[in-house]
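> One structure, pasted below without further comment.
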Amino acid sequence: MIQCKTSKAISGMGHSMKRKEDIRFIQGRGHYVDDIKLDGMLYMDITRSPYAYAKIKNIDISEAMKVPGVVAVITGKDLEKYNLHWMPTIMSDTQMVLPTDTVMYQAQEVAAVIATSRYAARDGREAVKVEYEPMQALVDPFKAMDPSSPVLRTDKPGKTDNHIWHWEAGDKAKTEKVFSEAAVVVKEQMHIPRIHVSSIETCGCVADYDKINNHLTMYMTTQAPHVLRTVFALVAGHVGLTEEKIRVVSPDIGGGFGGKVPVYPGYVIAIAVSFLVGKPVKWIEDRSENLQADSFARDYHITAEMAGTKEGKILATRFKVLADHGYTDAAANPSKYPAGLFSIATGSYDYGTAFVEADAVYTNKPPGGVAYRCSFRVTEAVHAIERMTDRYALEIGKDPAQLRMDNFIKKEDFPWHSPTGWIYDSGDYHAGLQKAMDVVGYADLRKEQVEKRAKGELMGIGISTFTEIVGAGPSKDFDILGIKMFDSAEIRVHPTGKAIARFGTKSQGQGHETTYAQIIAEELGIPAENIQVEEGDTDTAPYGLGTYASRSTPTAGAAAAVAARKLRDKARKIAAYLLEVSEDDLEWEPGKFFVKGAPEKVKTIQELVFAAYTNFPQGMEAGFEATHYYDPPNLTFPSGAYICVVDIDKETGGIHVRRFVAIDDCGHIINPMIVQGQVHGGLTQGIAPAMYEELIYDEAGNILNGTLMDYLVPTAVESPKWETGHVVTPSPHHPIGAKGVGESPTVGSPPAIANAIIDALSPFGITHLDIPITPFKVWKALKEKGAYGK
Amino acid sequence: MEITLKVNEVQHTLDVEPRTLLVHLIRENLNLTGTHIGCDTTTCGACTILLDGKSVKSCTILAVQANGKSVRTIESVAGADGHLHPLQEGFKDNHGLHCGFCTPGMIMRSIELLENNPNPTEEEIRWGISGNLCRCTGYNNIVKAIEYASAKNRGVEPASTEPQFV
Amino acid sequence: MIAQSFQYASPGTLAEAISMLDKYGEDAKVLSGGHSLIPMMKLRFANPEWLIDINGIPNLAHIKEEGGVIKIGALTREAEIEHSDLLKKYFPIFADVTKLIADPQVRNRGTVGGNLAHGDAANDHPAVMLALNATIVATGSNGERSIAIDEFFHGFYMTALEHGEILTEIQIPEPPAGTGSAYHKLERKVGDYATAGVAVQLTLDSKGVCTAAGFGLTNVNPVPLRASRSEKALVGKSITDETIAEAAKYASEDCSPSSDLRGSEEYKRAMVAVLVKRMIHKAVERISK
């Protein structure tokens, strides 16, 4: 049971308060970017490259200009005149807005057609004639690393190869020594494939430039409105569009998952066009454009190794990554961490030696990679360690649950220093796994598996006991384009005791309007119902870094608590004044201060707020408002113990997920209903890459599954009935002990599913399959081992 | 081409190009923006509406095909007095939505699902909404929301809307 | 995604529709459920100048029994097929197949006639109609003509329908007692086109000897395929593990799948064998009920 300190009427932390935002969504009154209609608005559509790599010989816009309704066709040459044809990526790489001579990936933007209607813009797009000279695309990242391969980024002066960066963590020499002396070493080559967030709402914007006032309002689907305002000012400042002249509004967002963090060329083109023609310009992607051109996630090729004793003590791990970034490094990682937080790959286990290295490479594929409901590169890390832990257990013939129990970091050993430099805040991994095993009936399942195997049936049990790393971050280490990764809250309580609170983050479905109100309700005792939450308008909200990487609760949620505590301190002063006692004589319970030992001498928070405007002590500042910019002292480390049970049809390779138990530890829970909802959704976005989703390219760089007909987003039929629960170890450094949860299940579940499938197939000598593990892959593996039809 | 159709019980006569998609007529001509567009291959179901009572994907029907017919969108689901439909209540109280983008399509589909099958099993619900993609919720609570509405419609006490943990 | 401009007509009679098709020739296309055609037009893979919408034509949507023949109007929606009591009585295979076609909203619009007339070997009804020995009725300016299902599919998106002809009805012989049918396809996720699909109809006499067999295969051949050797392997014989294995083997050998995102050619052949076996068992099980 989750304990609540507040009544249901106040609905502070721990209450499963129904979401405040839902009332508009269930009635079709959500307000998404494509719902915006402005007077005189023009529509933009984009002609895209059919080739992955080609020279542009000529762009003929004459036919397009004849299409009724078309008002302009913009090419890279047009933008070049204003020096707007290139832009920076979040990783300080560079990216074409529109090309002047070369296209670098299929579906790259080539020309923008502006018209008076959506339909005319599409007709114009079809009428733009581009003459290409196709070139041999470089698609395989290993080949791209070969020094003999042609250099793709010839735009970069002096660039002599396709290598982007090298990054490492841990102790290489020590790791090599442990590996050379270890009794058992296991190794697998794995690919965490390129996938796409595919939020049901695609990306889009309405750029509205007001010539008279030299002011731009940019309505757009962004998870990070404030940072994007700064980016736009950096890109367009030289044409007079400086930051105070830019307002970014992020309306309701139809799912983000990381895909709405980057700046896409379409946004910049829309701004440029609105700037040039002085009218609002709307650009809304098609689904196929979204899948084919917007930032991908993952695409890590990992050589993973684990060293241990014969008895099952993990001694060291070594991970070598090749990261395929496509045409440009458009990842969304903190500046100092080009491979994100991949060095969390040492996992939940107590050993002191590890070495992690990563190299990134350019190829002729769309740029990325962003997260996919995942903190920076943590899914890749968790997949590597959790797969290798099972691989090691298989090698020495030990039960994978027992092996984990024997190697877990103990709860009394926190804060725990990882061999790659992280300080884990808290956790109780033994309790989590034990609970998951009890719920799923682990021992009975193992017995059943023995019986099934004797009958020739394929059943597997897979475990993942992962540690996440979220809530970036301490500003000493974490920044995006130099902007430190704090976040903010501003609370204004009106004289009648009702409040508005604004944040630098931006919900895309996480329920901030409810949970932030609950945090403030917890701290101030004002009913959450009476607290209005606003985000996404850079003119009104305090500056923040946005919502991604499970950082909203760890950062802005903390800011809300700290700002509310500042107000509570003020309320205490006013109460002391009104009750004529000293502050030390007062006691707080949610919603009121009373005199110790005399509970009838009481002032409610509403009375105190009213007094802040009407009757406050001499010398005190009027009003009841507070702002806080929260800079976390450390990251938070949510964890989970997941167990998956699968049955495999040995004739078709069909995989049925029979059970999936997820025990999460996200610290203190603000709203159990919302946490559970986040876990459900995250698990389905875990089974998706584990069994269904992958962006597939042929050798010429053509995407083979660029629509939702072939990019297989799971439906309700594929999605299992999830069984979820929790253990709670509060984060000791977070003001409300919370850790963040939105991404844990996406991060933690793919290896549980993969481990279950491999467990089912392991009697045939199968030790690893890359995700997505499809029936075809299972069939092929059985066939290759001579086990099919046996 | 001139067409006449009823949308949410209001008669409209409009002049449209034959290629106009019904979803664009609903969203652009009539400003009923609760019906959404999420794909271009008739896959996602965000644009689901009722056409003469049948749930259909309005991105794959021409506006001219709705000539003389009756359309219902999400905006008509709550009562004129503001009281919520059992499905709307079900989605809200069971946390059947996160970002809300797929929700109108889910609700419109579920209206017909429950009309044809007032007391569906979980499996029937899952297959019944297999033409509607949700990226946020993992569907469990959508199933619960539809079960809630089914119970309400049948005058049965719905299951608790409190989250159940193992 | 938006289609190229076109002209639209919604004729009220079949004769009117046919005369429009004659008049506009190759520039015209028939719009039935529209759930194959409109997506292709939105992608601009299909760019007809005229769309002749036949949805307003009366007497094209029916499921009825006449003189030992089950007649299904071409405009009958998949959802109506899925829930038809008459079809359930004779052909449980229709509930199998419709449940696996796309999704409920698409089935509210998609028609059985359109599914067949599209001439796509990835569609599911062609295999079913092959198994059931259906006859296609087409109507043109010269009146009606019947086309045996084996003569109907000519190639990739090509059928025996001539320009100016509209598929108006599907006729299926009422099965004798002792008949059972079943369909299944493997799909990557619900609503997908088949990785491989198998339709089976079997008739057994009182001694369990197979007197008639129909096998149709989905998406494992450039054109919808009848597995003739599989049929011959069963007719006149009892259904045993051996005859089933033989039928499965022949079907997997006689199809010609291509390797694609759904799996390799070899995988698809193997899946055809598995499905033939399973669908025979299911059909037989239904007979014994």
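> Per residue, how big is the convex hull of the range A:579-704 when only Cα atoms are used? Give it in Å³.
Details: hull volume 34.2 nm³, N = 126.
Roughly 271 Å³ of hull volume per residue.
> Next up: Counting pairwise Cα distances across the range C:63-173, what percent come out greater than 16 angstrom?
Working: 3404 of 6105 pairs.
That tail contains 56 percent of the Cα-Cα pairs.
> Report, as an integer, the average count of C-beta atoms from other chains found within 10 Å of each Cβ along B:121-132. Please report the intermediate quantities before stating the final value.
On the way: counts 0, 2, 2, 0, 1, 7, 8, 4, 6, 12, 11, 6.
Mean partner shielding for this stretch: 5.
> Per residue of the range A:156-173, in order, report the coupling 6.51 cos²θ - 1.76 cosθ + 1.60 (Karplus, θ = phi - 60°) as ³J(HN,Hα) in whole Hz, putting x for Gly and Pro.
Running phi through 6.51 cos²θ - 1.76 cosθ + 1.60 with θ = phi - 60° gives 8, x, x, 6, 10, 8, 9, 6, 9, 7, 10, 9, 8, 8, x, 10, 5, 5 Hz.
> A follow-up question, please. Work out from phi, with θ = phi - 60° and the Karplus expression 6.51 cos²θ - 1.76 cosθ + 1.60, the ³J(HN,Hα) of each residue of the range C:97-111, listed in order in whole Hz, and give x for Gly and Pro.
Computed from phi, the couplings for the range C:97-111 are 6, 5, 4, 9, 8, 6, 8, x, 5, 5, 5, 5, 10, x, 10 Hz.
> Using only the alpha carbons of the range A:313-437, determine the length spanned along each of the three principal axes and report them from longest to shortest in whole angstroms.
45, 31, 27
> Please compute the volume of the convex hull spanned by the alpha-carbon atoms of the range B:86-153 and report it per residue in Å³. Could the numbers behind the result be given before it?
Numbers: hull volume 4.6 nm³, N = 68.
Enclosed volume per residue, from the Cα hull, is 68 Å³.
> Expected output is a single nm value to one decimal: the length gained when fully extending between residue A:582 and residue A:143, i.e. 0.36 nm times separation in residues minus the C-alpha distance. What is it? Don't jump to the answer; show the numbers that get you there.
Values: separation 439, 0.36 × 439 = 158.04 nm, distance 7.42 nm.
Length gained, residue A:582 through residue A:143: 150.6 nm.
> What is the Cα radius of gyration of the range C:179-288 over 2.2 N^0.38 Å, N being its residue count? Before the final figure, lay out each step's value.
Numbers: Rg = 13.4 Å, N = 110, 2.2 N^0.38 = 13.1 Å.
After normalising by residue count via 2.2 N^0.38 Å, the value is 1.02.
> Of A:644, A:157, A:36, which is farthest along the charge dipole of chain A in the positive direction, counting Lys and Arg as +1 and Asp and Glu as -1 at C-beta?
A:644
> Let me ask another. Which cross-chain or sequence-distant (5 or more) residues have an amide H under 5 Å from the amide H of residue A:106, H modelled 1.01 Å from N in plane?
Placed amide hydrogens put A:52 under 5 Å from residue A:106.
> Just want to confirm a number: the relative contact order over chain A, from Cα pairs under 8 angstrom separated by 6+ residues, in percent. Numbers along the way, then the final one.
Details: 2010 pairs, mean separation 124.1, N = 790.
Computed over chain A, the figure is 16 percent.
> Over the residues of the range C:7-53, compute the C-alpha Rg and express it relative to 2.2 N^0.38 Å. Spell out each step's value before the answer.
Values: Rg = 10.5 Å, N = 47, 2.2 N^0.38 = 9.5 Å.
Compactness ratio reported: 1.10.
> If every alpha-carbon in the range C:124-232 counts as one equal scatterer, what log10 I(q)/I(0) does Debye give at q = 0.21, 0.22 1/Å?
-1.12, -1.17
> OK, next. So if I average 1/r over every pair of distinct C-alpha atoms in chain A and take the inverse, what Kirkwood radius in Å does that give?
Numbers: mean 1/r = 0.0361 Å⁻¹.
The Cα-based Kirkwood calculation yields 27.7 Å.
> How would you rank A:159, A:447, B:144, A:506, going from fewest to most other Cβ atoms within 10 Å of each one's own Cβ?
In increasing order of surrounding Cβ atoms, one gets A:447, A:159, B:144, A:506.
> Please list the non-local residues whose amide H lies under 5 Å from the amide H of residue C:184, H modeled 1.01 Å from N, same-chain partners needing a gap of 5 or more.
C:198
> Per 10 Å bin, what percent of the C-alpha pairs of the range A:547-645 does each bin hold, from zero upward?
14, 34, 23, 17, 8, 3, 0
> I'd like the mean, over residues of C:100-113, of how many other protein chain beta carbons sit within 10 Å of each residue's own Cβ.
Values: counts 0, 0, 5, 15, 15, 20, 7, 4, 10, 9, 2, 0, 0, 0.
Taking all residues of C:100-113 together, the mean is 6.
> Inside 10 Å of the C-beta atoms of C:4-14, what's the mean count of C-beta atoms belonging to other chains?
Working: counts 5, 5, 4, 3, 10, 3, 5, 0, 0, 0, 0.
Mean shielding count: 3.
> Could you tell me what fraction of 2.2 N^0.38 Å the Cα radius of gyration of the range A:245-297 comes to, as a two-decimal ratio?
With N residues counted in the range A:245-297, Rg over 2.2 N^0.38 Å equals 1.25.
> Would you give the gap between the C-alpha center of the range A:295-363 and the C-alpha center of the range C:183-217, rounded to a whole Å?
With the range A:295-363 and the range C:183-217 each reduced to a Cα centre, they are spaced 48 Å.
> Give me P(r) over chain C, computed from all C-alpha to C-alpha distances, binned every 10 Å, as integer percentages.
Pairs per bin, as whole percents: 7, 29, 35, 21, 7, 1, 0.
> If you bin the C-alpha pair distances of chain B every 10 Å from 0, what whole percents do you get?
Going out from 0 Å in 10 Å bins, chain B shows 11, 40, 33, 14, 3, 0 percent.
> Between residue B:165 and residue A:620, what is the FRET efficiency for a Förster distance of 41 Å, r being their Cβ-Cβ separation, to the nearest 0.05?
Working: r = 46 Å, r/R0 = 1.11.
My answer for the efficiency is 0.35.
> For the peptides C:45-54, A:190-199, what is the packing order when you average, over each peptide's residues, the other Cβ atoms within 10 Å and list the highest mean first?
Descending mean neighbour count gives A:190-199, C:45-54.
> Return the calculated 222 nm mean residue ellipticity for the protein assembly as shown, to the nearest 500 deg cm²/dmol, obtained by summing -39500 (n - 2.57) across DSSP H runs with n ≥ 4 and dividing by the residue count. Provide the component values of the computation, followed by the final result.
Details: 35 runs with 360 residues, N = 1245.
Only helices count here, giving -8500 deg cm²/dmol.
> OK, next. Considering lysine pairs in the range C:1-123 that are 8 or more places apart or on different chains, how many have Cα atoms under 16 Å apart? Write out the running numbers ahead of the final one.
Working: C:29/C:42; C:64/C:88; C:64/C:89; C:71/C:88; C:71/C:89; C:88/C:99.
The result is 6.
> Okay, next question. Can you give the Rg to Rh ratio of the range A:85-193, both from alpha-carbon atoms, with Rh computed by the Kirkwood formula?
On the way: Rg = 21.8 Å, Rh = 18.9 Å.
In the range A:85-193, Rg relative to Rh is 1.16.
Every read-out reported here was derived from the displayed coordinates using simple, explicitly stated rules and does not represent laboratory data. Source: prediction; values computed, not measured. For neighbour counting, all protein chains shown are included, and Cβ atoms are generated from backbone atoms with ideal geometry for every residue, glycine included.
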